[in-house]
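Structure record follows, encoded as structure tokens.
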Amino acid sequence: MGDSVSSTRVSVHQSLGGGSVADLLLWRNRTGAAILLVSSTGFWFLFERAGYNLLSFVSNVLLLLVAILFLWAKSATVLNRPLPPVPNMEIPEEFAIKAADDLRVWINHVLSIASDITIARNPIRLLQVSFALLAISYVGTLINSLTLVYIGVLLSLSCPIVYEEYQDHIDDKLSSTSKFVRSVSRKFPMPANKEKKHQ
């Protein structure tokens, strides 16, 4: 039985897309994961603990970059050196179309949830959305958004590797918890869905 389960199981690397992002999250690209961890920790410390402002940080970085490029270009003409290698800074049309398509899918999903609540009058969907928004609001009162993003980065760098290491144990515990929740939920009567007749 265990062999058939393990043969049909999709690896964590494949479920994360199997590309460079999966390598990063599973620490197979150790350099990239370490850079992500150190840079996110540095940004969190800079903005959260040191009290630096994001707008002034971006402004100062751009000012430094423009000054370096200007001085490099001026010195290159004086010293007969090549100009700084500035890449072609424009967004490709394919990227913009793909981003717009992805955004359209998310917007349509949100609109279908709103339609399900308002037009179909689905009380379960209303409770799900209300609970999610209340949870987000409560977490927002406890933690600011930058710390929440930093916690998300830390969890994304730690949870996949822990799950890959202890996948069998975690799956067993989740399966037994799911069976317990189903057995408890069967004891409560579910309301029957009665369609209203429109005249």
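Checking the stated criteria, residue 51 turns out to be assigned to a loop (DSSP other than H, G, I, E, B) and either open to solvent by 50 Å² or more (accessible area, probe 1.4 Å) or at pLDDT 80 or above (or both).
Evaluated against (1) modelled with pLDDT under 85; (2) of a type outside the set (A, V, I, L, M, F, W, C); (3) open to solvent by 100 Å² or more (accessible area, probe 1.4 Å), residue 104 falls short on exactly one condition, (1). Just so you know, in the range 12-24 the residues that are open to solvent by 30 Å² or more (accessible area, probe 1.4 Å) and not in a loop (DSSP other than H, G, I, E, B) include one that is farthest from residue 153 (Cα to Cα), and it is 14.
Yes/no matrix, rows are residues, columns are (1) at pLDDT below 85; (2) within 30 Å of residue 27 (Cβ to Cβ); (3) within 26 Å of the chain's Cα centre (by Cα):
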position	(1), (2), (3)
111	no, no, yes
150	no, yes, yes
153	no, yes, yes
159	no, yes, yes
168	no, yes, yes
178	no, yes, yes
199	yes, no, no
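Beta carbons closer than 9 Å, at least 6 apart along the sequence or on distinct chains, pair a first residue in the range 143-158 that is over 17 Å from residue 49 (Cα atoms) and of a type outside the set (Gly, Ala, Ser) with a second that is open to solvent by 60 Å² or more (accessible area, probe 1.4 Å) and outside any helix (DSSP H, G or I) for 157/27. Residue check: is residue 40 more than 18 Å from residue 149 (Cα to Cα) and in a helix (DSSP H, G or I)? So residue 40 does not fit the description; no.
Scanning the range 85-92 turns up at least one residue that is free of Cβ contacts under 8 Å to residues at least 12 places away in the same chain, open to solvent by 50 Å² or more (accessible area, probe 1.4 Å), farther than 30 Å from residue 167 by Cα and under 24 Å from the mean Cα position of the chain (by Cα).
The values are calculated or read from the model by the stated rules, or taken from the named source; none is laboratory data. Only a predicted model underlies this, so the values are computations on that prediction, with no experimental measurement involved. Ideal geometry is used to build each Cβ from the backbone, glycine not excepted, and the neighbour counts take in all protein chains shown. Side chains are part of the model used for accessible areas, which takes the heavy atoms of the whole protein and leaves out ligands, DNA and RNA. Shrake-Rupley method; radii C 1.70, N 1.55, O 1.52, S 1.80 Å.
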